[in-house]
Amino acid sequence: MGLWYDETFDDQTRLGLRVEKTLFSGQSDYQKIEVIDTVGFGRVLVIDNVFMTSEYDEFLYHEMLAHPALTTAPRIERVLVIGGGDGGTVREVLRHPDVKECLMIEIDELVVNVSKEYLPGIGTAWDDPRLDLRFIDGIDYVKTSKDEKFDVILLDGTDPIGPGAVLFDEAFYDGCKRMLTDDGVMALQSESPLLMMDVFVETQHKLRKLFAEVHPYLGPVPLYGTGVWSWSWCSNTGEPLRPVQERQEAIVEGSKAYNAELHQAIFALPNYVKRALKL
């Protein structure tokens, strides 16, 4: 049967991928990093034994994190990305010609270096002159950057374990809100409402304390357990269902998933999510 790599969710649930070979395995100052070559999902980035992204379905995650925010914010000249060491999120950000500067904050330089070497098809915008990549702690950056303002902030953190746990703190969200322009938009990955409903609901409650408009949305990512994933759109003005048409049209043709119809559909929540959020 060959070798299998399992991600264990709890004592009853795990997801396994059939592995051709391990391409990289190493330990950074923060976490264990691996890249495995699989039969069904191509190359997969694994951090602390958790599947992060794969060549097979990464576009489903990265396009959904980036474009709902980038097509609805009034301006997108300055964009901040925290996390996202595989490079997929900044790739999508920099597809927008209206973006003049994209600051990416990643705490773990080894994640970026490994992704550049073993997942070059995901991070294709590393050399874009609009990208400012800094290997620093995102928490510290948000705390200390008092005067910085961004039109869009994208939080591309890992699950709320290890170094990524602090990216789910209310204080961190509040700091990000302070760094947004008055009509700016923040989007973040907010876990699976099937697999981690408690974290999903808690995240929504934290965000609603801070933002006038908080709208979770759902999409498929087969690599992530149940295959159902969530992101959240946050702002103090506006709403997510009115994208800038010209901006949307500029990136639809090159997108594998995102389009105008899908943008509207992803914000329609199933009843089990509405009931959990008491909507």
Taking the stretch 236-274 and the residues there that are of a type in the set (S, T, N, Q) and not in a loop (DSSP other than H, G, I, E, B), the one that is nearest to His96 (Cα to Cα) would be Gln248
Please determine, by comparing only the residues of the stretch 34-87 that are among the aromatic types (Phe, Trp, Tyr) and assigned to a loop (DSSP other than H, G, I, E, B), which one is surrounded by the fewest Cβ atoms within 10 Å (Cβ to Cβ).
-> Tyr56
Enumerate the pairs (first residue in the stretch 193-210 and among the charged types (D, E, K, R); second residue anywhere and at pLDDT 95 or above and not in a helix (DSSP H, G or I)) with beta-carbon separation below 6 Å, excluding pairs fewer than 6 apart on the same chain, so at least 6 apart or on different chains.
-> Arg208/Val214
Read through the list (1) surrounded by fewer than 16 Cβ atoms within 10 Å (Cβ to Cβ); (2) over 18 Å from Ser192 (Cβ atoms), then give the number of the only condition that Thr8 fails.
-> (2)
Answer from Asp140, Asp132, Asp147, Asp174 - the residue that is of a type in the set (D, E, K, R) and closer than 24 Å to Tyr217 by Cβ = Asp174
Subset of the stretch 205-235 [farther than 18 Å from Asp156 by Cβ and in a helix (DSSP H, G or I)] | His205, Arg208, Lys209, Leu210
Looking at (1) part of a loop (DSSP other than H, G, I, E, B); (2) at pLDDT 95 or above, can you tell me which one Glu191 breaks?
-> (2)
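The values are calculated or read from the model by the stated rules, or taken from the named source; none is laboratory data. A quick note: this is a predicted structure, and the numbers were derived from the prediction, not measured. Every residue, glycine among them, receives a Cβ derived from its backbone with ideal geometry; neighbour counts consider all protein chains shown.
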